[in-house]
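Heads up: the structure comes next, in structure tokens.
Here, each number is a calculation from the coordinates, and none is a lab measurement. This one's a predicted model, so the numbers in the text were calculated from it and none came from an experiment. Cβ placement follows ideal geometry from the backbone for every residue including glycine, while neighbour counts extend to all protein chains displayed.
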Amino acid sequence: MDRHLLQTLIKHESELKGFMYSFLRSGQDAEDLFQEVAMVVVEKNPDPGVIKDPYPWIREIARRTVLAHLRAKKRKAPTAEMERILTNSFFPAEQEESEEELFREREALRDCLRRMRPHHRELVHERFVLGRSLGEMAKLRSKQEGALRRMVSRVRQALFACVRRELAVRSS
């Protein structure tokens, strides 16, 4: 086992767990998946010196492990945009965008959220901030899960379309 690889894994443990938690909304799941990531790192251990900086490699293993877990639990994986925002918030050194661009994105998101109907804003908050499952949300509203899934999906799509429009207007 490459000592540098193991030290890197240990050094970034809490950061990786936080990253996984942001997708899973469960501390126990994040802990379990971190163990899986550690096992994969040990099993796929390249020869010492092959990887100069192992952290991006470990982070990619963590990302793929989370996405596989979400698919196995039949939970919807985050959109590419949401995954990018979460990744950028946890790994700022890897950001491709400037702080100014991130600020514009956040402002556009806030403006779009303010303009949403209160009911839709509540759905977004429960699903993406509180991390409630669609089943739980459906029971609270006495609706069928499939109907609620479609509603949340439409609201999410409308929100991201609004953010894209806002960004386009602000950049011109």
> Which three semi-axes in whole Å describe the equivalent ellipsoid of region 3-72, each the square root of 5 times a Cα gyration tensor eigenvalue, listed largest first?
Replying inline: 21, 12, 9
> Where in region 117-161 does the label zone of Ala168 land, with the point 7 angstrom along Cα→C-beta and an amide N cut-off under 12 Å?
Replying inline: 161
> Hey, what do the phi angles of region 7-21 turn into as Karplus ³J(HN,Hα) couplings, whole Hz, using 6.51/-1.76/1.60 and θ = phi - 60°, x for Gly and Pro?
Replying inline: 4, 5, 4, 5, 4, 9, 4, 5, 5, 5, 5, x, 4, 5, 4
>> Please compute, for the alpha-carbon atoms of region 97-171, the extent along each of the three principal axes and give them in descending order in Å.
In response: 42, 19, 18
> Considering only Cα-Cα distances, which of the following residue pairs are longer than 26 Å: Lys74/Lys139; Lys52/Lys73; Lys11/Lys44; Lys17/Lys143?
Replying inline: Lys52/Lys73; Lys17/Lys143
